[in-house]
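Visitor: Dropping a structure here in structure tokens format, bear with me for questions.
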Amino acid sequence: MDIRIDDLSGPEIKQLLTEHLEDMFATSPPECVFALDLEELKKPNITFWTVWKNSQLLGCGALKAHDDTHGEIKSMRTTSAARNKGVASTLLSHILEAAKQKGLSKISLETGSHDFFAPARKLYTKHDFIECGPFADYKLDPHSVFMTRSL
């Protein structure tokens, strides 16, 4: 697996992010969808990675820096062909290591509360995330689960 910083210009990543947003809007009310679109993911406080095997895109994920100590995991997604093959876990480990190298001491995330998001919650728990209250600009809502961990 090759994990690389991505400029979000390729058709493969555009397609994967389109699928990601479509799934988010299909599973949660619009006011409770916090997935970022392509332009938002290009902001300077966000680092975006993709995972490849040869020329095949396997997944993506991002780290959003809120300040000098706190970051947020965004846009974690694997392709359907890469599910349950360790891609997300490998990428998450890579992002957590990058966050440490940036000097961040805390990483948080928001994911869904519905069954669709159970595999994501399981992945984050495996990587020592615990449930917490809303952070940054999030508000408590029944469609979200907030998680955090120290680095």
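The values are calculated or read from the model by the stated rules, or taken from the named source; none is laboratory data. None of the values given here were measured: they were computed from a predicted structure. Neighbour counts run over all protein chains shown; Cβ positions are idealised from the backbone, glycine included. Surface accessibility is based on the protein's heavy atoms, side chains included, excluding ligands, DNA and RNA. Shrake-Rupley method; radii C 1.70, N 1.55, O 1.52, S 1.80 Å.
Here is a yes/no grid of residues against (1) among the acidic types (Asp, Glu); (2) modelled with pLDDT under 95; (3) closer than 20 Å to His70 by Cβ; (4) not in a strand (DSSP E or B):
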| position | (1), (2), (3), (4) |
| --- | --- |
| Ile95 | no, no, yes, yes |
| Arg121 | no, no, no, yes |
| Pro134 | no, no, yes, yes |
| Arg149 | no, no, yes, no |
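Visitor: Residues in the stretch 27-35: is at least one of a type in the set (Gly, Ala, Ser), modelled with pLDDT under 95, in a helix (DSSP H, G or I) and open to solvent by 20 Å² or more (accessible area, probe 1.4 Å)?
Guide: No, the stretch 27-35 contains no residue that is of a type in the set (Gly, Ala, Ser), modelled with pLDDT under 95, in a helix (DSSP H, G or I) and open to solvent by 20 Å² or more (accessible area, probe 1.4 Å).
Visitor: Quick check, is Arg77 of a type in the set (D, E, K, R) and at pLDDT below 95?
Guide: no
Visitor: Right, Ala98: small (Gly, Ala, Ser), within 18 Å of Arg149 (Cβ to Cβ) and either surrounded by fewer than 18 Cβ atoms within 10 Å (Cβ to Cβ) or in contact with a Phe, Trp or Tyr (Cβ under 6 Å, 6 or more places away or on another chain) (or both) or not?
Guide: yes
Visitor: Identify, please: which residue in the stretch 123-147 is open to solvent by 20 Å² or more (accessible area, probe 1.4 Å) and hydroxyl-bearing (Ser, Thr, Tyr) and is, among those, nearest to the chain's Cα centre (by Cα)?
Guide: Thr125
Visitor: Can I ask one more? Any idea which residue in the stretch 49-77 is surrounded by the most Cβ atoms within 10 Å (Cβ to Cβ), counting only those that are part of a strand (DSSP E or B) and among the polar types (S, T, N, Q)?
Guide: Ser75
Visitor: In this structure, does Ile107 turn out to be surrounded by 15 or more Cβ atoms within 10 Å (Cβ to Cβ), aliphatic (A, V, I, L, M) and farther than 24 Å from Arg149 by Cβ?
Guide: Criteria not met by Ile107.
Visitor: Identify, by number, the condition in (1) in contact with a Phe, Trp or Tyr (Cβ under 9 Å, 6 or more places away or on another chain); (2) surrounded by 15 or more Cβ atoms within 10 Å (Cβ to Cβ) that Lys42 doesn't meet.
Guide: Condition (2) is where Lys42 drops out.
Visitor: For the stretch 1-17, how many residues meet the condition of being in a strand (DSSP E or B) and open to solvent by 100 Å² or more (accessible area, probe 1.4 Å)?
Guide: Selection size over the stretch 1-17: 1.
Visitor: Can we say Lys85 is modelled with pLDDT of 95 or more, among the charged types (D, E, K, R) and open to solvent by 70 Å² or more (accessible area, probe 1.4 Å)?
Guide: no
Visitor: Looking at the stretch 55-105, which of the residues that are over 13 Å from the mean Cα position of the chain (by Cα) and β-branched (Val, Ile, Thr) is farthest from Ala118 (Cα to Cα)?
Guide: Among those that are over 13 Å from the mean Cα position of the chain (by Cα) and β-branched (Val, Ile, Thr), it is Thr69.
Visitor: How many residues are within 19 Å of Ile13 (Cβ to Cβ), of a type in the set (Gly, Ala, Ser) and in contact with a Ser or Thr (Cβ under 8 Å, 6 or more places away or on another chain) when one looks only at the stretch 51-93?
Guide: Residues in the stretch 51-93 being within 19 Å of Ile13 (Cβ to Cβ), of a type in the set (Gly, Ala, Ser) and in contact with a Ser or Thr (Cβ under 8 Å, 6 or more places away or on another chain): 4 in total.
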